[in-house]
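For reference, the structure is listed below as structure tokens.
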Amino acid sequence: MSWLGLLLIILSLMGYNGSIRRLGVSPYLAWITSILVQILLDYVFAMLGLLHLGLRLVTLFGVLLLVIRLILGHYGKGALKFEGVHSFDFWMVSLGLVMAYELYHSPLVHYDNFSHWAVIVKFLTFTGRLPGAHDAIISFTSYPPATALWITQMVTWTGYSEGAMLVAQFGLIWAASYAVFNVLRDRTRGLTSFILCLTIAVSYVFNINIRLNNLLVDYVLPIITVAGLVGIYVYRKQPWHLSAHVAIFSASLLLVKNSAAFFVAVLAVYFLYELITNAQGHWYWKLFSISARFIVTLVAALAPFLWWERHVKTTFTESKHEISAQAYSHQLSGEGTSHIVKIGEKFIHQILSLNSLSTQGIILINVILFVAWFIIRHRNHQRNQLLGMLILLDFVFILYYGSLFGMYILSMPYAEAIVLDGFERYMSSTVILNLFIGAMVLVRALDRTFYEQDFSKRDLRAFKSIVTKNAYQLGTFLMIFFAIIMMYSEINGTKYTNIYNRGTLPIQLDKTSKPWTKLSHTKILIVDPHPGDVDSYYAGYLANYYYFTDKAVGQENFMESKSDFKKNVLRYQYVVIPEYHHTFTVMVRKVFHQHVRTGLYKVERDGLERKH
């Protein structure tokens, strides 16, 4: 990694952060807002065919903003209010750095990294443009490029590596996570602060199918939505900030993935609620102002995505997972009633299974919020919103179940839908979203139960009795302890998976040869002794990514005649053997009179020439 490039990225981010804070953005939302603003700027340059130039200009502009602010500061102007350093800041910085270090030394292994998410970053980095119709290496051409653009911006300056990509995405996730502390009524209280820290750590439990050492966006979607909801609450009495915030976060979500429409709808509903709640004036003025602000904000939020949809339709004749009513109609007509019923039965069985991680998460959220509501309402005799929020979150779960079932019957082949392919992964997103929402409402409700409500008077003596003081201190200690333990569990889990994955195909391939960075149509055969890797196209996708070609093919079965074997091998320009394959080795010895085990070989008419 280029440390100078990393420093430049950090300075640029600080420049954007300081500038948008001058515009009234909350310091806890400033980091994620800065990243999303840069993503949208990168997106405009990419759509105009100026990606490489844009990546540099956007970064350098941030550095320029920082320089200007420092100059103004020297003359006593442009100073920002210091928010202070709190206990959760130490938790975020220390454990965030440890997690980033571990991710930097992590390889990419998950299938979807090589079917799209890592491939698109590599494509953007080394071609400097969005894929076109002739770029067959990109399969999911309808997927928007938001996270890929941010990651590409970072690796452009730090140097391309899998570790740098993971750190870039983690930086986005961590910046969005920091926004949740904006909801605290009193940020000096350890109990409420570390409940949110623990929530961040626990959320990774429900992301266990993906983890942070992958470039998939199933965690990115809910955490950006959480930050978006925080901003709506913070800016609820600042209409211009509110509209700009919703437009930026909604536009960014829609450019992360097509399925982000559900999360944008959550933001839109809460946005409309706050507009109605905080509207002032006569009823006709309220009606006009609310309608106008809501429509204009949503149009601004949808504009980048509509631009992307137009780009997809004009660039590609057909695109995987494209949003199309015609495609959905065709899919639905192809699915018989019996198929839909079978999928529905499987879906309900999965929902009701206590072995389902998402179901466990839903139960956990319900139990915690209900118990907290009951204690606060009947022991402390205080009204609170926890029960109402619990009902609302369950309603969100039901809506998401409906949208997920619709995806299985409308967008997925029956063979994948009947096994509910990716169910826990998809459900984890809404569990994470509702977990954070519940935790944020909980900490505010808890704060209102504290004996001393005057923040300036809260000290070691500000307790109703020695019993409540001891209970508070014990609760705080437990939250700190479990927040640290759970986060270290995620860090150690990542470390363990890295060790466990040492024998996987990507690691073996990395030991066999160096990755290629020039896009080509080179025909490559990857010899894999594992049928599952070949049948699932994992080997082929991985080779396409690694050697940056759209002509890589995986093969396991070489039980064929010598003439057929020779014809087969001569069809390719290169053969890569990441792991010893007995049949292939024997056939090479018989046909070409050579002994091969592992390595990268160039195919010649009379045999294989070792290249690495």
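The values are calculated or read from the model by the stated rules, or taken from the named source; none is laboratory data. Fair warning: this is a prediction, and the values are worked out from it, not measured in the lab. Reconstructed Cβ throughout: ideal geometry from the backbone, glycine too, with neighbour counts over all protein chains shown. Side chains included, ligands, DNA and RNA excluded: accessible areas come from the protein's heavy atoms. Shrake-Rupley method; radii C 1.70, N 1.55, O 1.52, S 1.80 Å.
Can you give the helix-only mean residue ellipticity at 222 nm for the chain, where every DSSP H stretch with n ≥ 4 adds -39500 (n - 2.57) and the sum goes over all residues, rounded to the nearest 500 deg cm²/dmol?
So the calculated ellipticity at 222 nm is -22000 deg cm²/dmol.
What does DSSP give for the chain in terms of the percent of beta bridges that are antiparallel, rounded to the nearest 5?
Within the chain, antiparallel bridges account for around 45 percent of the total.
To the nearest 20 debye, what charge dipole does the chain have about its Cα centre, counting +1 at the Cβ of each Lys and Arg and -1 at the Cβ of each Asp and Glu?
Around 1320 debye, computed over the chain.
Identify which of the listed values of Rg and Dmax of the Cα atoms in Å was calculated from the structure shown: (1) 26.6, 107; (2) 28.0, 98; (3) 26.6, 91.
Among (1) 26.6, 107; (2) 28.0, 98; (3) 26.6, 91, the one derived from this structure is (3).
Can you give the direction-averaged projected area of the convex hull of the alpha-carbon atoms in segment 1-87, in nm²?
7.0 nm²
Per 10 Å bin from zero, what fraction in whole % of the C-alpha pairs of segment 156-268 is there, up to the bin with the longest pair?
Each 10 Å bin holds this share of Cα pairs: 13, 39, 35, 13, 1.
Find, among the trypsin sites (Lys or Arg not before Pro) in segment 353-411, those assigned to loop by DSSP (not H, G, I, E, B) with at most 14 other beta-carbon atoms within 10 angstrom.
R379, R383
Using a 1.4 angstrom probe, figure out how much accessible area the chain has per residue, in square angstrom, rounded to the nearest whole.
On a per-residue basis, 47 Å².
Report in % the part of the accessible area of segment 78-138 that belongs to carbon and sulfur, leaving out ligands and nucleic acids; probe 1.4 Å.
Within segment 78-138, the accessible surface is 67 percent carbon and sulfur.
If I take the Cα coordinates of segment 523-588 and project them onto the principal axes, what are the three extents in Å, biggest first?
The Cα atoms of segment 523-588 stretch 30, 23, 17 Å along the principal axes, largest first.
Which of the trypsin sites (Lys or Arg not before Pro) found in segment 511-612 are in a DSSP loop and have at most 15 neighbouring Cβ atoms, other than their own, within 10 Å?
K518, R571, R597, R605, K611
Could you give the C-alpha radius of gyration of segment 130-182 expressed as a fraction of 2.2 N^0.38 Å, taking N as the number of residues it contains?
1.40
I need the P(r) histogram for segment 53-197: all alpha carbon pairs, bin width 5 Å from 0 out to the longest distance, whole percents.
For segment 53-197, the binned pair fractions read 2, 8, 14, 14, 15, 15, 13, 10, 6, 3, 1, 0 percent.
Ranked highest first by the average count of other Cβ atoms within 10 Å around their residues, in what order do 144-156, 182-194 fall?
Packing order, densest peptide first, comes out as 144-156, 182-194.
Taking Cα atoms of segment 479-536, Rg/Rh with Kirkwood Rh, to two decimals?
Value, to two decimals: 1.21.
With +1 assigned to the C-beta of every Lys and Arg and -1 to the C-beta of every Asp and Glu, and no other charges, what is the dipole magnitude of segment 43-179 about the Cα centre in debye, to the nearest 20?
I would put it at about 500 debye.
Net charge near N544, counting Lys/Arg +1 and Asp/Glu -1 over other residues with Cβ under 11 Å of its Cβ?
Residues near N544 contribute +1 overall.
Which of the peptides 494-507, 231-244, 164-177 is most tightly packed, and how do the rest follow, judged by the mean count of other Cβ atoms within 10 Å per residue?
The peptides rank, most packed first, as 164-177, 231-244, 494-507.
Given K81/K469; K122/K257; K514/K611, which pairs have Cα atoms separated by over 22 Å?
Over 22 Å apart, Cα to Cα: K81/K469.
Check the straight Cα-Cα distances from K590 and name the aspartates and glutamates below 20 Å, setting aside those fewer than 8 residues away within the same chain.
Counting by Cα, and skipping residues close in sequence, K590 has these aspartates and glutamates nearby: D528, E556, E560, D564, E579, E604, D606, E609.
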